Amino acid sequence: MPQLVIDVVSDVVCPWCYVGKRRLEAALTGEALVRWRPFQLDATIPPEGLDRKAYMRAKFGDGPRLAEAHARLKALGEEVGIAFDFAAIQRAPNTLDAHRLIRFATEAGVGDAMTERLFADYFERGRDIGDRAVLEAAARDCGLGDIAARLDSEEGVNEVREEIAAAQQMGVEGVPFFVFAEKYALSGAQPVEVFQQALAQARE
């Protein structure tokens, strides 16, 4: 029986993508190849990033909306083993380099580990995943060695942008977005039972 392939379109600054990752993992039984596909929630953020508090205030206003969303996500995170620490996040990063790093890691067979590391760095440790030093440390810890020269080059830039464009042309407007066996699509961080149903359908 051929291995089930699951393509996950996500951005590493999307908290729902982190929740969706954990829920998918909880639903998975048997062999599956999960391929992480890039998406940028905001490609207009400059390479050096922006102050996150000011960025989120401009996006959500000064009302209780953001605090309520964070409280809800913290509760959902606890259910799937994520310790969201939104107060620790200082920067809103541009995620192009993070997606390039996931691409390098995927080529080395550790794409899932890298994706998990960057989610945890950002949402649980408050690290700036647009910062080269943070990305280089993640690369070393995931077994990629010194990737400074690769990040300094243009390697992977066009490929990541082309993948994002392809997802948008496919109709992906929000993430996470899951495609099972290149046939069945699921949008959003659905409950575990919904993932189980999609997996069963894809394996039929």
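The values are calculated or read from the model by the stated rules, or taken from the named source; none is laboratory data. As the structure is a computational prediction, the values presented were derived from the model and not from experiment. No Cβ is skipped: glycine too gets one built from the backbone with ideal geometry, and neighbour counts run over all protein chains shown.
For the residues F60, F86, the requirement of being of a type outside the set (S, T, N, Q) and in contact with a His (Cβ under 7 Å, 6 or more places away or on another chain) singles out F86. For the condition among the charged types (D, E, K, R), buried (at least 19 other Cβ atoms within 10 Å of the Cβ), closer than 19 Å to A87 by Cβ and touching a Gly at 6+ places or on another chain (Cβ under 9 Å), what is the one hit in D128, D121? Result: D128 is the single residue among D128, D121 that is among the charged types (D, E, K, R), buried (at least 19 other Cβ atoms within 10 Å of the Cβ), closer than 19 Å to A87 by Cβ and touching a Gly at 6+ places or on another chain (Cβ under 9 Å). Criterion applied to F123, F104, F119 was being farther than 13 Å from Q40 by Cα and touching a Pro at 6+ places or on another chain (Cβ under 8 Å), and the one residue passing it is F123. Looking only at region 144-174, count how many residues are farther than 27 Å from A189 by Cβ, in a loop (DSSP other than H, G, I, E, B) and free of Cβ contacts under 8 Å to residues at least 40 places away in the same chain. The qualifying residues number 4. All conditions but one from (1) of a type in the set (A, V, I, L, M, F, W, C); (2) surrounded by fewer than 18 Cβ atoms within 10 Å (Cβ to Cβ); (3) farther than 17 Å from E163 by Cβ apply to A43; the one that does not is (3).
Listed here are the residues, each with its yes/no results for (1) of a type in the set (G, A, S); (2) more than 25 Å from R22 (Cβ to Cβ).
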{"position": "P46", "(1), (2)": "no, yes"}
{"position": "G49", "(1), (2)": "yes, yes"}
{"position": "F84", "(1), (2)": "no, no"}
{"position": "L101", "(1), (2)": "no, no"}
{"position": "G111", "(1), (2)": "yes, no"}
{"position": "F119", "(1), (2)": "no, no"}
{"position": "D128", "(1), (2)": "no, no"}
{"position": "E136", "(1), (2)": "no, yes"}
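When G126 is tested against (1) more than 17 Å from E25 (Cβ to Cβ); (2) part of a helix (DSSP H, G or I); (3) in contact with a helix residue (DSSP H, G or I) (Cβ under 8 Å, 6 or more places away or on another chain), just one condition goes unmet, and that condition is (2). Of the helices (runs of 4 or more DSSP H) that lie entirely inside region 1-110, those containing 1 or more residues that are within 26 Å of L144 (Cβ to Cβ) and under 14 Å from the mean Cα position of the chain (by Cα) span 15-27, 96-107.
Filtering region 188-204 to residues that are under 11 Å from R23 (Cβ atoms) and acidic (D, E) leaves only E193. Pairs linking a residue in region 82-108 that is of a type in the set (F, W, Y) to a residue that is assigned to a helix (DSSP H, G or I), with Cβ atoms under 6 Å and 6 or more positions apart or on different chains, are F84/L73; F84/K74; F84/G77; F84/F123; F86/H70. Looking only at residues of region 175-188 that are in contact with a Ser or Thr (Cβ under 8 Å, 6 or more places away or on another chain) and not in a strand (DSSP E or B), we find that the one that is farthest from A32 (Cα to Cα) is V175.
Residues that are crowded, with 18+ Cβ neighbours inside 10 Å and out of contact with any helix residue (DSSP H, G or I) (no Cβ under 6 Å at 6 or more places or on another chain) were ranked within region 165-184; the one that is farthest from Q196 (Cα to Cα) is A167. Scanning region 165-204 for residues that are of a type in the set (D, E) and over 28 Å from D42 (Cα atoms), we see that the one that is modelled with the highest pLDDT is E193. For region 99-111, indicate whether the set of residues that are of a type in the set (G, A, S), modelled with pLDDT of 95 or more and farther than 18 Å from D11 by Cβ is non-empty. Scanning region 99-111, I find at least one residue that is of a type in the set (G, A, S), modelled with pLDDT of 95 or more and farther than 18 Å from D11 by Cβ, so the answer is yes.
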